[in-house]
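Read the figures in this text as sums done on the coordinates, not as results from a lab. None of the values given here were measured: they were computed from a predicted structure. Cβ placement follows ideal geometry from the backbone for every residue including glycine, while neighbour counts extend to all protein chains displayed.
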Amino acid sequence: MKRIFLLCCLTLCSINIMAQVNGEVKSGASSTHDTASRNPQNLDPVKIKSHKKANISRLGGAENGVTMGQGELFRAACCNLGESFVNSASVDVNYNDAAVGARQIKLLGLSGQYVQMLEEGLPSSLGASMPYSLGYVPGSWMKSISVSKGASSVKNGPQSITGQINVEYLKPDIDTNFLINIYGDTRMKGEVNASKGFLINKNLSTIVLGHFERDFSHHDDDGDMWHDSPAITQLHLQNRWKYSKGRYIMHAGAGFLKEERLGGQMDMVVNPYKVILNAHRTDAYMKHAFLLNQEHNTNIAFLANGYHYSLDGTFGNKTYNNGHLNFSSRLVLEHDFNADHNLSTGLSMSGDRVDESLSLMASNDWLTREVVPGAYLQYTYTPSYRLTAMAGLRGDYSSLYRRSYFTPRFHMKVVAAEWLTMRLSTGKGFRTPFAIAENHFLLASGRTLVTPNVLPQEEAWNSGISLNFYIPIADKKLKMNAEYYYTDFLHQAVVDYDSDPTKIIISDLDGKSFSHTFQVDVSYDFSDEFNILSAFRYNHVRCTYGGELLEKPLQSRYKGLITLNWTPLMKIWQFDLTLALNGGGRMPKPYIKADGTASWESEFPAYPQLSAQVTREFRHFSVYLGGENLTNYRQKKPIINAENPWSPDFEPTLIWGPVHGIMAYAGIRMKF
């Protein structure tokens, strides 16, 4: 109705108004020369809204990746970062186990610890918080998500092996409206998100972000007397600031998070096996930038952030406590020699202090400290829009391992034709594994967890190639992307279920470990209102377990995806549908029970997942209604030997598929 009203105004008044495509602009309208002479008057400013398509856009530089804006994120419930990849062909999100509800992303066929997680360019959660960090970023707080594949830029450190995921938050000086999102679902989960930006003066602005969620009920869909997932209560607050004057810009902020997870057996069971996790996190960050020379874009910046994370966990008769103090800082200099040559260089310093204690283990308490100073140099050559080459090298020193290591990386983008773009990348990556901290959810297993306190640094090469095609069909373009990535590990923290049926062994790689990933995705806009995306990915992942090169367990061999988006009636309505087919894969070697039968099948099957959402836009709010796992597919017996949780045969960590059935949800997003 807004656009119809505006069209009438334009016709009656003969006004020429120019509107920007992205976002919301104000335009002072004026009449033409003839109209002005007949009716000289000033018109009030007209506010025009236009809707940006909820598509995924590709990164513009040499790195291969995509950016998802709010329009794309709102195509699903998107309660948090972990639920933001429903429509993603590249990123998978799975539960690690049925006891603590830990979720983990997978990129290029490998688990999430090989993806460097960033929040506005700053490193985020590590260690014990890693299995839950996807749930620590509320969906309504996010402005966009950028996913780059392969060994990414050396600016942010050596950790990126399979890619980077960077989250941009709402901006204090832009998102000044009062925003609130209220969500509820049939699993009795309720959630409230709110944000408000304040323009204190022309230079200073701030934004306050709040999030609260709670599961008001427990569920046992499969009747095994276990909670399908823990009941979560979370409170998360952040305050972010921006100051800008002349050539100086400052960003700073702080946050607080408290979360409780209650899971395990139902209370009516005698001597129930309980899983209880209490987490606290406080964090702060600051970014200072000063423009030295505008003509050459010469600027210097200092970035720093840190957090303290504590976790107190109970797994039946085992207890685990973790306190993790992390800091990271960078001093960066950027300079454009001319339009073709760019140089970025900098110094960095990061550190971790991890205090851990675990019952039922010979060494109950231990402390891990690491300080890593480093430096990097990155050069970008762009002689024309057809070629971009980026080469980077960084060197770091680890106080924990008492060694220096070097990280080379190279990216190149070639626009071979107007319809074909090629990207190449290769590079090395390193990361420090915290064996028990990152895998503490394995303590829910009845098996004995065996691992040294300190493992060697993980080290891997990653290389990839991607081709982007733009094929004209009718008056539209068919967009096609084909890519291949190969990751080869020299050192890796291997979680071994296969060598000993009574143990889970975490150790350094002794043999080969690699992954081949091939993906093709195609998208086409049939009209401004209707578009479709389809994708297929194949994973070939192998690792050495107990001297035998085997397929990685609990990893789907392939994934097919189709998403449909229809926005009729000038985008007042929005309909979204996503169908995913996850291929089967290998289970860890089963143990033989007393009756001679295997404890589980050696393979898990392919399974479908269907989700849908309908959104209705109003002037100051939108209402959405949707459903997940509409095929109602559930993994049968996600908990092995659920009736005997105190036995060594108890196993809740072998999750490969959904543990919940159909779930419906509804919510409202308001903007004032």
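Residue-wise HN-Hα couplings along region 562-577, as the Karplus relation 6.51 cos²θ - 1.76 cosθ + 1.60 with θ = phi - 60° gives them from phi, are 9, 10, 10, 9, 10, 10, x, 6, 6, 6, 5, 10, 9, 10, 10, 9 Hz; Gly and Pro carry x.
For the pair Glu643 and Thr597, a Förster radius of 22 Å applied to the C-beta separation gives a FRET efficiency near 0.85, rounded to the nearest 0.05. Couplings 3J(HN,Hα) of region 245-255, computed from phi: 8, x, 9, 10, 10, 10, 10, 7, x, 8, x Hz, in residue order, whole Hz [Karplus 6.51 cos²θ - 1.76 cosθ + 1.60, θ = phi - 60°; x for Gly and Pro]. Taken along the Cα-to-beta-carbon direction at a fixed 7 Å, the label points for His280 and Val614 span 4.6 nm. For chymotrypsin sites (Phe, Trp or Tyr not before Pro), the sites in region 286-379 that DSSP calls loop and that have at most 12 other Cβ atoms within 10 Å are Phe337. Normalised by the number of residues in the chain, the average gap of Cα pairs under 8 Å and 6 or more apart makes the relative contact order 10 percent. Across region 595-608, rounded Karplus estimates of 3J(HN,Hα) from the backbone phi angles (6.51 cos²θ - 1.76 cosθ + 1.60, θ = phi - 60°) give 7, x, 8, 6, 5, 7, 5, 7, 10, 10, x, 5, 8, x Hz, Gly and Pro being marked x. At an R0 of 30 angstrom, the distance between the Cβ atoms of Lys671 and Phe575 translates into a FRET efficiency of 0.90.
Label-to-label distance, Trp566 versus Asn317, with points set 7 angstrom from Cα along the beta-carbon direction: 5.9 nm. Cross-link check: pairs Lys149/Lys287; Lys189/Lys258; Lys274/Lys552 evaluated at a Cα-Cα cut-off of 27 Å; pairs beyond the cut-off: Lys274/Lys552.
For Leu59, the residues 5 or more places off, or on other chains, whose built amide H falls under 5 Å of its own are Gly65, Val66, Thr67. With a Förster radius of 35 Å applied to the beta-carbon distance between Ile249 and Ser217, the computed FRET efficiency rounds to 0.15. For Leu387, the residues whose modelled amide H falls within less than 5 Å of its own, excluding neighbours fewer than 5 places apart on the same chain, are Val415. The Rg/Rh ratio for the chain, using Cα coordinates for both the radius of gyration and the Kirkwood hydrodynamic radius, is 0.97. Its alpha carbons give region 279-404 an Rg and a Dmax of 20.8, 65 Å.
Applying 0.36 nm per residue to the separation of Met266 and His516 and subtracting their alpha-carbon distance, the gain on full extension is 85.8 nm. Each label point was placed 7 Å from the Cα along the Cα-to-Cβ direction; for Trp419 and Ser384 their separation is 2.0 nm. For region 203-289, a Kirkwood hydrodynamic radius built from all Cα pairs, placed in the Stokes-Einstein relation at 20 °C and 1.002 mPa s, yields a translational diffusion coefficient of 134 µm²/s. For the peptides 627-640, 114-127, the ranking by packing is 114-127, 627-640, with the highest mean count of neighbouring Cβ atoms within 10 Å listed first.
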